[in-house]
1. Can you tell me which residue within segment 10-27, out of those that are loosely packed, with under 12 Cβ neighbours inside 10 Å and not in a helix (DSSP H, G or I), is modelled with the lowest pLDDT?
2. Condition test on residue 36, is it in a loop (DSSP other than H, G, I, E, B), under 30 Å from residue 81 (Cβ atoms) and at pLDDT 90 or above?
3. Among the residues of segment 67-107, write down those that are assigned to a helix (DSSP H, G or I), in contact (Cβ under 8 Å) with a residue 60 or more places away in the chain and under 24 Å from residue 57 (Cβ atoms).
4. Listed residues 103, 95; which is touching a helix residue (DSSP H, G or I) at 6+ places or on another chain (Cβ under 6 Å), at pLDDT 90 or above, under 17 Å from residue 33 (Cβ atoms) and surrounded by 12 or more Cβ atoms within 10 Å (Cβ to Cβ)?
5. Scan segment 43-56 residue by residue and report those that are out of contact with any helix residue (DSSP H, G or I) (no Cβ under 6 Å at 6 or more places or on another chain) and modelled with pLDDT of 90 or more.
C-alpha cells in the first residue's frame, strides 16, 4: 500500500512540476510580427529615420520579420535615443517597455542597471551594492 501511495505522489509531483513549464501566452521570439501592430509601425518609422541600424529590406512584403529581429532593432534604437526627437523617444520608451523581456537576449540592453532610477547594482559575491 505504501508503494502505491509513493508512486501516486511521485506521479502527482512530476505532473505538477511540468504543468507550469510552458506558458502558451508568453511571446515567442521566433514568431513573425504582424504588420498592422503598433510595435511594427513604430519600429518601421524609427528605421526610416535611421535609428535602428536596420536595412529597410527587412520591411518588404516578402520578408517575415521575427520578434527577435525587432527586439534587436529596439535595442539599437535605445542606443541612439539621444539622437531622437521627443516624439521618437516616447516611441522608443514604449517599445522598450513592451520588449523588456526580449531585450536581455537581443544585446543585453535590459540587463544594464538604470542609472536614472537612483538604484544601485548589487554584487552578490560581495554581498553589498557597488
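1. Per the stated criteria, the residue is 20.
2. The answer is yes for residue 36.
3. Selection gives 102 alone.
4. 95
5. 45, 47, 48, 49, 50, 56, listed by residue number.
The values are calculated or read from the model by the stated rules, or taken from the named source; none is laboratory data. In this text, all values refer to a predicted model and were calculated from it rather than measured experimentally. Note that we place each Cβ from the backbone using ideal geometry, even for glycine, and neighbour counts take in every protein chain shown.
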